[in-house]
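Enquirer: My questions will all concern the structure given below.
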Amino acid sequence: MHVRKKLKIGTMIHGVGEKISDWRHPTMPSDASVSFEFYKQQALASERGKFDFVFIADALYINEQSNPHYLNRFEPLTILSALAAVTSNIGLVGTLSTTYCEPFSAARQFASLDMLSGGRAGWNAVTSGLEKTALNFNKEVTDHPNHATRYRMAAEFVNVMKGLWNSWEEDAFIRNKQTGQFFDPNKLHTLNHEGEFFSVLGPLNIGRSPQGQPVIFQAGSSKAGIAFSAQQADVVFAIMPTLDEAQRYYIDVKEQTAAVGRKPDDLLVLQGISPIIGDTIEEAERKFEELAGLVTIEQALAFLGRLFEHHDFSQYPLDGPFPDIGCIGKNSFRSDTDRIKSEARKQNLTLRQVALREATPRTPFMGTPEQVANLIEAWYEQNGADGFMLIANLPSELEAFVDKVVPILQKRGIFRTDYEGITLRENMELPYAENSYSL
Ligand SMILES: Cc1cc2nc3c(=O)[nH]c(=O)nc-3n(C[C@H](O)[C@H](O)[C@H](O)COP(=O)(O)O)c2cc1C
């Protein structure tokens, strides 16, 4: 009999906010993105809520138009290493680019985080959409690989990482002081990888991770992104506005996972949500309006522009139809740009409406703790998601979720009351990643 896995919950810690104006809210510490104390409090609140993991997003190019959080924030692996020392159970998931990093360094960094944290590390593999990122890595904008090439690189990058993580078998280090034997050479494996994009000899200079291999996360929802997840990832994120769309996406991901010979349950689907919780629906609505009211139209245009390679939307009439900008952005955040253009066309939206919708999207997950818990239960039970990643706008929303929504989910038996295991894989009910040489 197929037993449904328990609901999974993670939270994105994003300093002064994923949205442009959250930093201006009276309750938001304006230096949150570079405050260890802030990250620590968010991680401890998430651990109190028995969440599976905290998540750190990242990108590698900024300009004056970027969101305040992007301008001045911690590098993911560094902050996660610090958080490893002040937490005990929660998973630590960080973003790293497959287009602008080297798989040897990445494999070593995540294996180190995994060892430091006792098996709690996860890697969010991203392909880095913005073409000007190339300028920070000894390349020209024209060298920025196109969408399809980036995903081919990503697949090879992950294969190299997984290969390097198999360098040492579990019991390779003997450390026998009497005989002087430090390791068993039969349990050391050299990768010798020569591929289309990477040439890596190996072996890796750190041993086997406590969970076999760190958990691999991915968030691209284009066709190529989903195919990549189906092959390579343990967890995939998306942000879908309705249960109907979430269900379609869920079925697609699970079918593609099965088609490559994996069990559909081996790839967990998590939906990103930004709940707004009030004692009454009116209070939740007021909170949303307060946050939305902090955003100026200029900021909303800049936020929209980033998705289209930082295109300058201020040059078009605000109350005219959404401008035809050709294929700008096709090569970066493709699923977002396709969606935005198609919604604008179908619903006859003006530029102002599009910008404000993107910068301050209304969430269906708005209401009393009971109402938010009902929605979570419905999406989970009706195959819209295996779990959720909270992208809370304010620290108070994370606290409200932990203190008011989690107990309801626990009472209903959907969510854990304590951690089941030690490693992130155990808590996420993902199989231990066996070393292919030990099988
Ligand atoms: C919940 C969530 C978190 C994401 N985090 C990051 C991130 O930290 N860095 C990044 O460059 N992209 C991030 N993305 C974007 C995706 O990784 C991906 O690049 C984007 O969706 C475009 O890929 P696609 O064309 O396959 O959809 C995130 C997306 C989602 C839904």
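The values are calculated or read from the model by the stated rules, or taken from the named source; none is laboratory data. Everything numeric here is computed off the predicted structure, so don't read it as measured data. Ideal geometry is used to build each Cβ from the backbone, glycine not excepted, and the neighbour counts take in all protein chains shown.
Enquirer: Residues Glu47, Glu75: which one is acidic (Asp, Glu), farther than 24 Å from Ser221 by Cβ and more than 13 Å from the ligand (Cβ to nearest atom)?
Expert: Every option except Glu47 fails the conditions.
Enquirer: What's the number of the only condition in (1) more than 30 Å from Glu170 (Cα to Cα); (2) touching a residue at least 60 places away in the same chain (Cβ under 8 Å) that Ala238 fails to meet?
Expert: That leaves (2) as the condition not met.
So that you can scan it fast, the table gives a plain yes or no per residue for (1) under 16 Å from the mean Cα position of the chain (by Cα); (2) outside any loop (DSSP other than H, G, I, E, B); (3) crowded, with 17+ Cβ neighbours inside 10 Å:
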site	(1), (2), (3)
Ala43	yes, yes, yes
Glu47	no, yes, yes
Ile62	no, no, yes
Ser88	no, no, no
Ser105	no, yes, no
Ala111	no, yes, yes
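Enquirer: Only one of these conditions is not met by Asp336: (1) under 30 Å from Val406 (Cα atoms); (2) within 14 Å of the ligand (Cβ to nearest atom); (3) among the charged types (D, E, K, R). Which number is it?
Expert: Unmet condition: (1).
Enquirer: Count, please, the residues in region 113-154 that happen to be of a type in the set (D, E, K, R), farther than 27 Å from Leu268 by Cβ and buried (at least 20 other Cβ atoms within 10 Å of the Cβ).
Expert: Counting residues in region 113-154 that are of a type in the set (D, E, K, R), farther than 27 Å from Leu268 by Cβ and buried (at least 20 other Cβ atoms within 10 Å of the Cβ) gives 1.
Enquirer: Let me ask something additional. State whether one or more residues within region 330-337 are over 21 Å from Val126 (Cβ atoms), outside the structural domain of Val405 (by TED's automatic domain parsing) and of a type outside the set (Phe, Trp, Tyr).
Expert: no
Enquirer: Checking the conditions here, which among Thr27, Thr78 is on the phi < 0 side of the Ramachandran plot and in contact with a helix residue (DSSP H, G or I) (Cβ under 8 Å, 6 or more places away or on another chain)?
Expert: Thr27
Enquirer: Regarding region 129-151, can at least one residue be identified that is among the charged types (D, E, K, R), under 30 Å from His189 (Cα atoms) and touching a Pro at 6+ places or on another chain (Cβ under 9 Å)?
Expert: No, the conditions are met nowhere in region 129-151.
Enquirer: Evaluate region 199-207: report whether one residue or more is away from the ligand (no atom under 16 Å from the Cβ), farther than 21 Å from Asn146 by Cα, of a type outside the set (Val, Ile, Thr) and at pLDDT below 95.
Expert: No, every residue in region 199-207 fails to be away from the ligand (no atom under 16 Å from the Cβ), farther than 21 Å from Asn146 by Cα, of a type outside the set (Val, Ile, Thr) and at pLDDT below 95.
Enquirer: Report yes if some residue within region 18-33 is out of contact with any Pro (no Cβ under 9 Å at 6 or more places or on another chain), under 23 Å from Gly91 (Cβ atoms) and either crowded, with 17+ Cβ neighbours inside 10 Å or not assigned by TED's automatic domain parsing to the domain that holds Phe415 (or both); otherwise report no.
Expert: Yes, there is a match, as at least one residue in region 18-33 is out of contact with any Pro (no Cβ under 9 Å at 6 or more places or on another chain), under 23 Å from Gly91 (Cβ atoms) and either crowded, with 17+ Cβ neighbours inside 10 Å or not assigned by TED's automatic domain parsing to the domain that holds Phe415 (or both).
Enquirer: On to the next question. Within region 133-187, which residues are of a type in the set (Phe, Trp, Tyr) and assigned to a helix (DSSP H, G or I)?
Expert: Across region 133-187, the qualifying residues are Tyr151, Phe157, Trp165.
Enquirer: Quick one: how many residues across region 339-358 are away from the ligand (no atom under 16 Å from the Cβ) and either surrounded by fewer than 16 Cβ atoms within 10 Å (Cβ to Cβ) or in a helix (DSSP H, G or I) (or both)?
Expert: 12
Enquirer: Whether any residue in region 49-60 is part of a strand (DSSP E or B), touching a Lys or Arg at 6+ places or on another chain (Cβ under 6 Å) and within 26 Å of Gly387 (Cα to Cα) is what I want to check.
Expert: So far as region 49-60 goes, no, none of its residues is part of a strand (DSSP E or B), touching a Lys or Arg at 6+ places or on another chain (Cβ under 6 Å) and within 26 Å of Gly387 (Cα to Cα).
Enquirer: Oh, and also: Looking at region 384-403, is at least one residue more than 22 Å from Ala43 (Cβ to Cβ), in contact with a helix residue (DSSP H, G or I) (Cβ under 9 Å, 6 or more places away or on another chain) and without any contact (Cβ under 8 Å) to a residue 40 or more places away in the chain?
Expert: No, there is no match, as no residue in region 384-403 is more than 22 Å from Ala43 (Cβ to Cβ), in contact with a helix residue (DSSP H, G or I) (Cβ under 9 Å, 6 or more places away or on another chain) and without any contact (Cβ under 8 Å) to a residue 40 or more places away in the chain.
Enquirer: Tell me the residue from Val236, Val253 that is among the aliphatic types (A, V, I, L, M), crowded, with 20+ Cβ neighbours inside 10 Å, assigned to a helix (DSSP H, G or I) and under 22 Å from the mean Cα position of the chain (by Cα), please.
Expert: Going through Val236, Val253 in turn, the sole match is Val253.
Enquirer: Something else now. Which pairs turn up if I take residues in region 120-136 that are within 15 Å of Asn159 (Cα to Cα) and look for partners that are away from the ligand (no atom under 13 Å from the Cβ) and not hydrophobic (A, V, I, L, M, F, W, C) with beta carbon separation below 6 Å, at least 6 apart in sequence or on another chain?
Expert: Trp123/Pro214
A quick yes/no check of all residues on (1) out of contact with any Gly (no Cβ under 7 Å at 6 or more places or on another chain); (2) within 24 Å of Thr11 (Cα to Cα); (3) not aromatic (Phe, Trp, Tyr):
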{"site": "Val200", "(1), (2), (3)": "yes, no, yes"}
{"site": "Gln211", "(1), (2), (3)": "no, yes, yes"}
{"site": "Ala233", "(1), (2), (3)": "yes, yes, yes"}
{"site": "Ile239", "(1), (2), (3)": "no, yes, yes"}
{"site": "Leu268", "(1), (2), (3)": "no, yes, yes"}
{"site": "Ile273", "(1), (2), (3)": "yes, yes, yes"}
{"site": "Ala292", "(1), (2), (3)": "yes, yes, yes"}
{"site": "Val295", "(1), (2), (3)": "yes, yes, yes"}
{"site": "Glu298", "(1), (2), (3)": "yes, no, yes"}
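Enquirer: Report yes if some residue within region 280-295 is under 27 Å from Glu131 (Cα atoms) and either out of contact with any Pro (no Cβ under 9 Å at 6 or more places or on another chain) or at pLDDT 95 or above (or both); otherwise report no.
Expert: yes
Enquirer: Which members of region 341-359 meet the condition of being more than 16 Å from Asp312 (Cα to Cα) and of a type in the set (A, V, I, L, M)?
Expert: Ala344, Leu349
Enquirer: Still on this structure: Among residues belonging to region 113-129 that are farther than 24 Å from Lys223 by Cβ and in a loop (DSSP other than H, G, I, E, B), point out the one that is farthest from the ligand (Cβ to nearest atom).
Expert: Ranking the candidates gives Gly118 first.
Enquirer: Find the residue count for region 54-69, including only residues that are over 18 Å from Val126 (Cα atoms) and within 13 Å of the ligand (Cβ to nearest atom).
Expert: Total meeting the criteria: 3.
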